[in-house]
Amino acid sequence: MKQYDAIIIGFGKAGKVLAAELSNRGWKVAIVERSKTMYGGSCPNIACIPTKALIHEADISSLFFHEDYPKQANMYKQAISRKNKLTSFLRDSNYEKLSKRPNVTIYTGVGSFTSANTIKVALPDGDIELQGKEIFINTGSTPIIPAIDGIKQSQKVYTSATMLEVDLLPKHLIIVGGGYIGLEFASMYAGFGSKVTILEGGNKFMPNEDRDIANSVKDVMKRKGIEIRLNSRAQSIHDTNDGVTLTYSDVSDGTPYFIDGDAILIATGRKPMIKDLNLSAAGVTVDAHGAITVSDQLRTNVPHIWAMGDVKGGAQFTYLSLDDFRIIRDQLFGDKKRDIGDRTPVPYAVFIDPPLAHIGLTEEEALKRGYSIKVSRLPATAVVRSRTLQQIDGMLKAIVNNHNGKIMGCTLFCADASEIINIVAIAMKTGQHYTFLRDFIFTHPSMSEGLNELFDV
């Protein structure tokens, strides 16, 4: 049995940077990754990077080949090819950076606990056992596949990962699920020229956003030809000679409907990837949603076993996985002051067109908590940079505490929102008065200078 100072199960963001850190400190490290196509984790292979690359290509396709399906289909095929080259490069780079380290060993196989200190790795040529002083679980998440009749038999059903492997642009894409993944894919495929229909089971579009923001997003999507059907519960799927048919019912009254398309994307959320880990052998507990339970310092109930990234539940962002690493590094080698509670507020971005970004409280949340607030709204057209970019859709919104002038929340639905939100995040994190952004000197013309007017409340 091979002995290691640390065993990391899963080659995701947190795992790879932790491996490098431990290696630099002289630790003997083993990384166990079940798939050779996932070195580096979801982000560079099947999520953040490939989708954002394709979203960029979709913008170009829409600009030059609008309503010309043959040319857009060809553009899409080329875009998938370029995406494949990019992900292959990143995957190889991630592997090479760690494999070259003399005290890091990468095992490509399925890892599972046989005890609290021992991991069995199923390799192509047989099983081996590894023993580790510290063990870190970084296995990520996997798509939730709903119980829909015919879903397993259909050849036209895809997840967000498998959809990116198809180089034939669907003329009509049906998306089951109106969450952020579904919206990003809807915007992307509409940009490439697909007709897109979103089926959302709830009665609210984007329920976590303020209604003015959600309605603004909905209006923009409708103008781009994206159809949104609420209260829609998928019932059955069956392939046809021409594509695929999905039958669904109206949740409010049970009325059945059907819709024909070329492909169906299942975007009903993701769950922690704990399959095959055999956590019970190590005594590691999980919650009702299958997420590994951890302390604020990311330790499981077994002190030498840690969990990082999506597998522990909560928000599923690569940058939070990176911060998980920082917390663990501080616990192992620092002053032990970092935990998951001190990183709020955390911004997020949804890469629709234009992008949507948010940090802190929404207006609805602030009012529910009883805060006295000032609300500022600004149409994207008020920022002159939006006109030079020819991206005039959207709005900006800010929530300010009436009593102390602190920024409580901000939502940006406009060009460059994913970048500008980081400026607001810094202001909030450092406790700045709202006038800090009102009076800040930004370059011109830029989208960020819109913050001057937005915070003139």
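In this structure, is ASP335 of a type in the set (Asp, Glu), in the same structural domain as GLY40 (by TED's automatic domain parsing) and at negative phi? Taking the combined requirement at face value, the residue satisfies it.
The set of residues in region 88-134 that are hydrophobic (A, V, I, L, M, F, W, C) and over 15 Å from VAL32 (Cα atoms) comprises PHE89, LEU90, ALA116. Residues of region 113-147 that are within 26 Å of the chain's Cα centre (by Cα) and of a type in the set (S, T, N, Q): ASN138, THR139, SER141, THR142. In region 81-200, counting only strands (runs of 3 or more DSSP E) that sit wholly within it, the ones holding 3 or more residues that are buried (at least 19 other Cβ atoms within 10 Å of the Cβ) and in the same structural domain as SER236 (by TED's automatic domain parsing) span 172-176, 195-199.
Just a yes or no: is a residue in region 76-86 touching a residue at least 60 places away in the same chain (Cβ under 8 Å), farther than 16 Å from GLU165 by Cα and polar (S, T, N, Q)? No, region 76-86 contains no residue that is touching a residue at least 60 places away in the same chain (Cβ under 8 Å), farther than 16 Å from GLU165 by Cα and polar (S, T, N, Q). Within region 45-67, at least one residue is crowded, with 19+ Cβ neighbours inside 10 Å, in contact (Cβ under 8 Å) with a residue 24 or more places away in the chain and not in a helix (DSSP H, G or I).
Candidates are the residues of region 321-347 that are touching a Lys or Arg at 6+ places or on another chain (Cβ under 7 Å) and of a type in the set (A, V, I, L, M); the one that is surrounded by the most Cβ atoms within 10 Å (Cβ to Cβ) is ILE327. Taken as a whole, the structure places LYS374 among residues that are of a type in the set (Lys, Arg) and either in a strand (DSSP E or B) or touching a Cys at 6+ places or on another chain (Cβ under 8 Å) (or both). Quick one: would you say VAL384 is touching a residue at least 60 places away in the same chain (Cβ under 8 Å), surrounded by fewer than 18 Cβ atoms within 10 Å (Cβ to Cβ), out of contact with any helix residue (DSSP H, G or I) (no Cβ under 6 Å at 6 or more places or on another chain) and over 23 Å from ASN215 (Cβ atoms)? Yes, satisfied.
Within the span defined as region 61-84, every residue fails to be aromatic (Phe, Trp, Tyr), modelled with pLDDT of 95 or more, in contact with a Phe, Trp or Tyr (Cβ under 7 Å, 6 or more places away or on another chain) and within 23 Å of ASP310 (Cα to Cα). Say we look at region 1-25 and pick out the residues that are in a loop (DSSP other than H, G, I, E, B) and more than 28 Å from the chain's Cα centre (by Cα); which of these is surrounded by the fewest Cβ atoms within 10 Å (Cβ to Cβ)? Restricting to residues being in a loop (DSSP other than H, G, I, E, B) and more than 28 Å from the chain's Cα centre (by Cα), the top hit is MET1. Suppose we keep only residues that are of a type in the set (D, E, K, R) and free of Cβ contacts under 8 Å to residues at least 40 places away in the same chain within region 224-235. Which one would you say is nearest to ASP250 (Cα to Cα)? Looking at the filtered set, the residue picked out is ARG233.
If you filter region 423-440 down to residues that are touching a helix residue (DSSP H, G or I) at 6+ places or on another chain (Cβ under 9 Å) and β-branched (Val, Ile, Thr), you find that the one that is surrounded by the fewest Cβ atoms within 10 Å (Cβ to Cβ) is THR430. Within the set GLY193, GLY178, GLY182, the sole residue that is out of contact with any strand residue (DSSP E or B) (no Cβ under 9 Å at 6 or more places or on another chain) and at pLDDT 95 or above turns out to be GLY193. When residues of region 425-457 are filtered for being modelled with pLDDT under 95 and of a type in the set (Ser, Thr, Tyr), how many remain? The qualifying residues number 0. Just wondering, is there one or more residues in region 310-320 that are polar (S, T, N, Q), within 24 Å of PRO143 (Cβ to Cβ), at pLDDT below 95 and not in a strand (DSSP E or B)? Taking every residue of region 310-320 in turn, at least one turns out to be polar (S, T, N, Q), within 24 Å of PRO143 (Cβ to Cβ), at pLDDT below 95 and not in a strand (DSSP E or B). Is it true that some residue in region 255-265 is in contact with a strand residue (DSSP E or B) (Cβ under 9 Å, 6 or more places away or on another chain), surrounded by 21 or more Cβ atoms within 10 Å (Cβ to Cβ) and within 19 Å of THR142 (Cα to Cα)? Within region 255-265 (the criterion being in contact with a strand residue (DSSP E or B) (Cβ under 9 Å, 6 or more places away or on another chain), surrounded by 21 or more Cβ atoms within 10 Å (Cβ to Cβ) and within 19 Å of THR142 (Cα to Cα)), the answer is yes, since at least one residue qualifies. When residues in region 321-350 are screened for being outside any helix (DSSP H, G or I) and more than 13 Å from the chain's Cα centre (by Cα), 10 of them pass.
The single residue among ILE420, ILE399 that is part of a helix (DSSP H, G or I), assigned by TED's automatic domain parsing to the domain that holds PHE442, modelled with pLDDT of 95 or more and surrounded by 14 or more Cβ atoms within 10 Å (Cβ to Cβ) turns out to be ILE420. Listed conditions (1) surrounded by 19 or more Cβ atoms within 10 Å (Cβ to Cβ); (2) touching a residue at least 60 places away in the same chain (Cβ under 8 Å); (3) in contact with a Ser or Thr (Cβ under 9 Å, 6 or more places away or on another chain); (4) of a type in the set (A, V, I, L, M) are all met by VAL286, apart from (2).
How many residues does region 348-378 hold that are of a type in the set (Asp, Glu) and surrounded by 21 or more Cβ atoms within 10 Å (Cβ to Cβ)? So the count comes out to 2. Here LYS397, LYS374 are screened, and the one residue that is over 30 Å from GLY225 (Cβ atoms) and either without any contact (Cβ under 8 Å) to a residue 60 or more places away in the chain or not aromatic (Phe, Trp, Tyr) (or both) is LYS374. Here PHE413 does not qualify as farther than 25 Å from ALA214 by Cβ, modelled with pLDDT of 95 or more and buried (at least 16 other Cβ atoms within 10 Å of the Cβ).
The values are calculated or read from the model by the stated rules, or taken from the named source; none is laboratory data. Being a predicted model, the structure only gives us computed values, none of them experimental. Note: ideal-geometry Cβ built from the backbone for every residue, glycine included; neighbour counts use all protein chains shown.
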